Amino acid sequence: MPEAAQTRAIGLTCQSMTAKRSRAGRGGQPHSRWFAADLLVGPTSLPGMSEAPAAGVALLVVDVQPTFLKAMPAGEACLRRCHLAASAAKLLGVPVLFTEQVPAKLGPTHPDLLAAAGEGRAVFGKTAFSAFGAPGLTEACGKAEVSQLLICGLEIPVCVYQTAMDALREGMGVTILSDAVTGRRSEDGQACLAALRAAGEIGRAHV
């Protein structure tokens, strides 16, 4: 798909999420939703598309490190979808944030993802499960006035789930890219997604 088509599609996705989100302190409650990463590069004929991203949106790629990918039954598929999301975000100028679990021992993010996100990316090492336990990440989100997180990565029942819950507590809207997250046990992942539905007034899944 041409780059211009990808840019317009992710722009519509960001605008749609921004129109639906609300933040604590602005007359409403934070919410979470989840979408397939395909929406970032969807059809170009949808009405209302814009090539300008919505302000306050960032993509958070959680712990997509080769060490973990090898342990995931759908690791390669998840890597491809995260790559798609990072590439689309870069095209539109949406900030891309990465977390790495104990990178000194477990290694860095997959290099293909870092390259896809470009030089504007930010990488945060952590020892906690939640991305918000990474030193500097909360401050970076505040500086960029991030109010809506698109989350992809692994794994769903641990780091992705705890990150999403902490983002909701921070008053952010949360969007899980449902085909760009994975875990070792699918039933555990489904249970956590169900818990996020209950926690965040989630709309219907777009898969």
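For segment 112-132, the candidate set comprises residues that are in a helix (DSSP H, G or I) and aliphatic (A, V, I, L, M); within that set, the residue that is surrounded by the most Cβ atoms within 10 Å (Cβ to Cβ) is Ala131. Within the set Val64, Val146, the sole residue that is touching a residue at least 60 places away in the same chain (Cβ under 8 Å), farther than 15 Å from Gly183 by Cα and assigned to a loop (DSSP other than H, G, I, E, B) turns out to be Val146. Taken over segment 171-207, the criterion of being among the aliphatic types (A, V, I, L, M), part of a loop (DSSP other than H, G, I, E, B) and at pLDDT 75 or above is satisfied by Met172 alone. All of (1) out of contact with any helix residue (DSSP H, G or I) (no Cβ under 6 Å at 6 or more places or on another chain); (2) not in a loop (DSSP other than H, G, I, E, B) hold for Tyr161 with one exception: (1). Give the number of residues within segment 133-143 that are assigned to a helix (DSSP H, G or I) and buried (at least 20 other Cβ atoms within 10 Å of the Cβ). Total meeting the criteria: 2.
Would you call Thr109 of a type in the set (Val, Ile, Thr) and not in a loop (DSSP other than H, G, I, E, B)? No: the conditions fail for Thr109.
Restricting segment 89-117 to residues that are of a type in the set (Gly, Ala, Ser) and closer than 20 Å to Ala131 by Cβ leaves a set whose member that is nearest to the chain's Cα centre (by Cα) is Ala89.
The values are calculated or read from the model by the stated rules, or taken from the named source; none is laboratory data. These figures come from a predicted structure and were not determined experimentally. Cβ coordinates were reconstructed from backbone atoms using ideal geometry, including for glycine residues, and neighbour counts include every protein chain displayed.
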